[in-house]
Amino acid sequence: MRRAQLSLKDTNKTMARSTAILPVRAQYTRTATTGNPRNPAKGRALPLSFAAHGFSLIEMLWVVSIIGIILSVTDMNGIASLNTRYYATKQTANNKNIANALLQHAKTNTALGVLPAPYTGSGYNSTVFNPVDATPIGTLLAQTLRATNIAPANINTDGTNAKNVRVYQAIDLTQVTPLDFQSGPLVILSYQYGEVHQTTCMLSDASCNKSSPNIPGASVAMTAANYNTWTTTAPDLPPEIFSTLPMQKQMLALTSGRLTDLRDKFAGHFRTKQQSASADDTTNWFPYPYATGFPDTPVPNLSGANAGGTALGCHDGWYDLASSVAGRVSILDQLGLSPAQYGVTAWGGQILYCRDYDPALRGPNSLPHYAALRFHKSVSTAAAPDSTLSNNVFITF
């Protein structure tokens, strides 16, 4: 009996020791409670099956779904903001590319460096171009715009299903500047100031797709009176501003260079002839057109002069340096210059030459001898010099 009792005690001690060394998780599983797992006595015991199995797959899926819905709702504003920024960035880039294409068209496809007129038609008001214009200049404009890699449908509108219209405006301005920019006679440069911007106005919405003198969208029209401070009004996107003035100044610099070359060539020709003459020679050695076949003793052929007498101070008339008269050696040919290049301004306007310039009317071939070049003061319009003194620019030598 005593041996049996000792055996039972030993068994109980062994079980107690085994329980003491069980993993903590196993102990918690056996005594799972709703309270502190370190003090199970303070909590309510849970069924063993719940503690062993935890959450089911369906319950976990519900939790994940709810979390996803919450995240999507809270991030919706961020996604909308991202889409708005992407749209604005894309349209701003398109506006810039279109503006550059319009300037390139003015430079390469027009003689005067002028922008195309905004297009109004087929429901559009003051937009970029007419996509069905088959004229030579219209075809060149379309080709230049295609070179931007912007789809044709995205030029006059934003390319969305709403077809929000794009606005293009250009106004004519002038600037008075010295011929050599720092000095010299004053000339008038005509140039254009343009802008392109994207609106939120649908092509089909007559309430906002307004016609001249207004423009589509929320912004007011740009004019010569407000262009210095003009900008768009929200929700219209900011404008892309551009101007042909730099291009016109480049053409003026080219014209000024041609006139300098002409003056130097004429003066050099006079000095060369004068140095080979006698000391008391008073001949006017400025060149004149002469008949072909007499290179050694040229016979004057003044049929190219467009006015005789003392028209604007010239005794034997003004010669068109670019003209070619049959049977006559032109003045620029004698100087080794191309009439097609040096006989006109960079815009193609006439340059006239007088070999006996005498605004004081002292008499023909009076000493000292002067010659002059003449062109129209509104040089960028390619207008021909006229009989109104104030409309002309004179360069004497």
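The values are calculated or read from the model by the stated rules, or taken from the named source; none is laboratory data. Please read these numbers as outputs of a predicted model, since none were measured by experiment. Positions of Cβ are backbone-derived with ideal geometry, glycine not excepted, and every protein chain shown enters the neighbour counts.
Quick notes
- Of A142, A117, A170, all but one fail to be of a type in the set (A, V, I, L, M) and surrounded by fewer than 16 Cβ atoms within 10 Å (Cβ to Cβ); the exception is A117.
- Near pairs, Cβ below 6 angstrom, 6+ apart or cross-chain, from segment 191-214 (more than 11 Å from V167 (Cβ to Cβ) and not assigned by TED's automatic domain parsing to the domain that holds A93) to any residue that is at pLDDT 95 or above and not in a loop (DSSP other than H, G, I, E, B): none
- Residue in segment 173-182 that is in the same structural domain as W230 (by TED's automatic domain parsing), touching a helix residue (DSSP H, G or I) at 6+ places or on another chain (Cβ under 7 Å) and closer than 20 Å to N100 by Cβ present: no
- One residue alone among L373, L352, L389 is touching a residue at least 24 places away in the same chain (Cβ under 8 Å) and exposed (fewer than 14 other Cβ atoms within 10 Å of the Cβ), and that residue is L389.
- Matching residues in segment 198-237 - criterion: being modelled with pLDDT of 95 or more, among the hydroxyl-bearing types (S, T, Y) and in contact with a strand residue (DSSP E or B) (Cβ under 6 Å, 6 or more places away or on another chain): T199, T200, Y227, T232
- Near pairs, Cβ below 7 angstrom, 6+ apart or cross-chain, from segment 131-157 (more than 24 Å from T92 (Cβ to Cβ)) to any residue that is assigned to a helix (DSSP H, G or I) and modelled with pLDDT of 95 or more: I137/N109; L140/H105; L140/N109
- Failed criterion for Q169 (all others in (1) under 30 Å from G257 (Cβ atoms); (2) in a strand (DSSP E or B) hold): (1)
- Filtered residue count, segment 133-158, keeping only those that are in a loop (DSSP other than H, G, I, E, B) and either within 28 Å of P213 (Cβ to Cβ) or among the aromatic types (F, W, Y) (or both): 5
- Of all residues in segment 228-240, none satisfies being in contact (Cβ under 8 Å) with a residue 12 or more places away in the chain, of a type in the set (S, T, N, Q) and outside any loop (DSSP other than H, G, I, E, B).
- Restricted to strands (runs of 3 or more DSSP E) entirely inside segment 340-397, those with at least 1 residues that are at pLDDT below 95, of a type outside the set (A, V, I, L, M) and touching a helix residue (DSSP H, G or I) at 6+ places or on another chain (Cβ under 7 Å) are 352-354.
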